[in-house]
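Please treat every number below as a calculation from the coordinates, not as lab data. Note that the structure is a prediction, hence the values are computed from the model and not measured. With ideal geometry, Cβ positions are generated from the backbone for all residues, glycine too; neighbour counts draw on all protein chains shown.
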Amino acid sequence: MLFGLSLPAWAQTHLTWDQLAEVEYEARFFEKYDQKFLVPLFGKTPKAYEGKEVTVTGYIIPIDETSYVLSKNPYAACFFCGSAGPETVVELQLKPKSTRRYKMDEKMTFKGILKLNDTDVEHFTYIIEKAKPVSK
């Protein structure tokens, strides 16, 4: 007798930066700011993982003493330097116990719930909610 083997539905998926690059942008007017901003139009892969637990590996970029993003590239070539697009950074909304001081360009993997953001211009395109580092 042959038995099928499947992964549990709750298993996390490791997303690659190529998968996160499946996004295009269009200008949308925001009355609150009285101006247009580019907003993401997410591709099939990012949409498939919205609301699911995922892992992403990248380089830590501190925003301030308690806020961080995970970047596809080290700081010298990251989004903030104009060398990459907004799809190459993921906002980390860290679990309180996960908060420690991370070093610039520290390469790490984080897991959490993927949120696709196309409505709040004060946050990044991709957000990992309840983010916590993955042990090696």
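Relative contact order of the stretch 13-133: 26 percent, from C-alpha pairs under 8 Å at least 6 residues apart in sequence.
Working from label points 7 Å from Cα in the Cα-to-Cβ sense, the Glu65 to Thr45 distance is 3.8 nm.
For all pairs of alpha-carbon atoms in the stretch 13-133, what percent lies in each bin of width 10 Å, listed from the first bin to the last filled one? All Cα pairs, binned at 10 Å, distribute as 13, 47, 33, 7 percent. Over the stretch 27-97, Cα pairs under 8 Å with separation of 6+ residues give a relative contact order of 18 percent. For the stretch 87-118 versus the stretch 50-66, the spacing of their alpha-carbon centroids is 2 Å.
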